[in-house]
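Quick notes on the structure that follows.
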Amino acid sequence: MAVALRLTEIFYSLQGEASRVGLPTVFVRLTGCPLRCVWCDTEYSFTGGEPATIESVLAEVGKYPARQVCVTGGEPLSQKECLPLLQALCDAGYEVSLETSGALDIAAVDPRVARIMDLKAPDSGESAKNRWENLALLNGRDEIKIVIASRDDYLWAREVLRERSLASICPVLFSPAQGRVEPAELAAWILEDGLEVRFQLQLHKLLWGNMKGK
Ligand code: SF4
């Protein structure tokens, strides 16, 4: 059987983010990312990993009692076999979501997949990589996530929200970068401006801290 994927881990936990927050979910974390966000919390997925096939991933995912599967990274789309993997998971009847950096083309992602797409704010160090053409490909099943690491990031995100009418495309999530912006501070900014965004904290970090495989 041909080895086509590089896999960092598969684990079972509660979804920590976005509209599926709290749902039991199997996470498939693919290895590799072409970005280097300064606040990245999954640097261990940049390199290493184990070889895997789509069949072996399906077999492992099938061991857990969950309907939800989240393909994440790293940047999962940096592996070309991510696309057939997403398709195979959908074909197997799972509710599939994809967490992607927003830097790579999402056009070929199976339309059954809910895409949780980042827009990188300036203090990530990677905002030049935002692939703005992706916005035209999103629909109401998808979500846009912006991690806010400073007041400047917030002002940038507020401007992008307005200029590009993000809230008319799909739900928009603002998350504080851990250790860089106080959650209550970000919440206060959103309330003050009455933004049409959803504030979110990462549930898994509240429950278990910053632990690998959770
Ligand atoms: S895109 Fe995601 S995985 Fe890659 S460096 Fe940024 S936060 Fe980390």
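Each reported figure results from applying straightforward, stated rules to the coordinates on display, with no laboratory input. Note that the coordinates shown come from a computational prediction; the quantities given were computed from them, not determined experimentally. Quick reminder, even Gly has a Cβ in these numbers, built from the backbone with ideal geometry, and neighbours come from all protein chains shown.
A compact table of results
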quantity: Mean projected area in nm² (Cα convex hull; one quarter of hull surface) for segment 20-137; calculated: 7.4 nm²
quantity: Residue-averaged 222 nm ellipticity for the chain, from DSSP H runs of 4+ at -39500 (n - 2.57), nearest 500; calculated: -6500 deg cm²/dmol
quantity: Reference-scaled alpha-carbon Rg (2.2 N^0.38 Å with N residues) for segment 5-208; calculated: 0.99
quantity: Of LYS120/LYS214; LYS63/LYS120; LYS63/LYS145; LYS63/LYS214, those spanning more than 28 Å from alpha-carbon to alpha-carbon; calculated: LYS63/LYS120; LYS63/LYS145
quantity: Ranked ARG6, ARG162, ARG115, criterion: other C-beta atoms within 10 Å, fewest first; calculated: ARG162, ARG6, ARG115
quantity: Sorted by Cβ density within 10 Å, fewest first, the residues THR25, THR47; calculated: THR47, THR25
quantity: Cα-centre dipole for the chain with unit charges at Cβ (Lys and Arg positive, Asp and Glu negative), debye to 20; calculated: 280 debye
quantity: Angle between the chain longest axis and helix 151-163 axis [Cα atoms, degrees, rounded to 10]; calculated: 80 degrees
quantity: Between 0 and 90°, nearest 10: helix 183-193 axis offset from the chain longest Cα axis; calculated: 60 degrees
